[in-house]
Amino acid sequence: MEKAPHFCLEGITPDGKVKTICLDELLSQKPFLVLYFYPRDNTPGCTKEACEFRDNLSRITPYATVAGISPDSIKSHENFRKKHELNFYLLSDPEKEVCRLYGAYGEKKMYGKVREGVIRSTFIISSDGIILKSWRNVRVKGHVDKVIEELKRLSEGEGE
């Protein structure tokens, strides 16, 4: 079992407050944390993914807190949050340090070209900081449903 790398980043809370948010705070709220990394605010794939999390949050919150991380600025996150009525944490990682810690930054192929960037990734982390499940090079369509299925499976396994 891999321990989730600790971090503190500037971010926006679900109710729109800007503050420094640390992994420990996110882990303390629910049995699990869904931490997802995405390339950019307001791009088609990232918007679709964020809206999928938004629209399914009532199915996720019995099990987990949701936090999205991208290199975008707080100002960009504020606009993204308002425009799409996002209801979960958005964290800013402009230096891409946390992206790198989680292996969510590196070479990726886009339109046949190899370049460096954020690799769309999702992690389910237990309240004691252990990465229980990870998805790399996420395809947006149907992804949130897979996350919810895994959360249900993990929470049922908790009582064993």
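Residues PHE53, PHE80: which one is surrounded by 14 or more Cβ atoms within 10 Å (Cβ to Cβ), aromatic (Phe, Trp, Tyr) and farther than 18 Å from LYS146 by Cα? Steps first, please.
Working: PHE53 fails: farther than 18 Å from LYS146 by Cα.
The unique qualifying residue is PHE80.
One line per residue, one yes/no per condition, for (1) at pLDDT below 95; (2) aliphatic (A, V, I, L, M); (3) under 19 Å from CYS99 (Cβ atoms):
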residue: MET1; (1), (2), (3): yes, yes, no
residue: LYS19; (1), (2), (3): no, no, no
residue: PHE32; (1), (2), (3): no, no, no
residue: LEU35; (1), (2), (3): no, yes, yes
residue: TYR38; (1), (2), (3): no, no, yes
residue: CYS46; (1), (2), (3): no, no, yes
residue: GLU52; (1), (2), (3): no, no, no
residue: THR61; (1), (2), (3): no, no, no
residue: GLU78; (1), (2), (3): no, no, no
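Of the strands (runs of 3 or more DSSP E) lying entirely inside the range 1-89, not one carries at least 3 residues that are hydroxyl-bearing (Ser, Thr, Tyr) and free of Cβ contacts under 8 Å to residues at least 40 places away in the same chain.
Would it be correct to say that ASP128 is part of a loop (DSSP other than H, G, I, E, B), under 16 Å from THR13 (Cα atoms) and in contact (Cβ under 8 Å) with a residue 12 or more places away in the chain? So ASP128 does not fit the description; no. Apart from one condition, ASP128 fits all of (1) in contact with a Leu (Cβ under 9 Å, 6 or more places away or on another chain); (2) surrounded by 11 or more Cβ atoms within 10 Å (Cβ to Cβ); the exception is (2).
For LYS146, are the conditions met, namely being modelled with pLDDT of 95 or more, closer than 15 Å to VAL34 by Cα and among the basic types (Lys, Arg)? Yes, satisfied.
Just to be sure I understand, how many residues within the range 109-160 are among the hydrophobic types (A, V, I, L, M, F, W, C), over 19 Å from GLN29 (Cα atoms) and touching a strand residue (DSSP E or B) at 6+ places or on another chain (Cβ under 7 Å)?
Just the residues of the range 109-160 that are among the hydrophobic types (A, V, I, L, M, F, W, C), to begin with: 110, 114, 118-119, 123-125, 130-132, 135, 138, 140, 144, 147-148, 151, 154.
With over 19 Å from GLN29 (Cα atoms) added as a condition, the list becomes 110, 114, 118-119, 135, 138, 140, 144.
Pick out the ones that are also touching a strand residue (DSSP E or B) at 6+ places or on another chain (Cβ under 7 Å) and you get 114, 118-119, 135, 138.
Adding up the residues that qualify gives 5.
Can you tell me which residue is nearest to the chain's Cα centre (by Cα) among those in the range 94-125 that are basic (Lys, Arg) and assigned to a strand (DSSP E or B)? My answer is LYS108.
The values are calculated or read from the model by the stated rules, or taken from the named source; none is laboratory data. For clarity, every value in this text was computed on a predicted model and none was experimentally measured. Cβ: placed from backbone, ideal geometry, glycine included. Neighbour counts: every protein chain shown.
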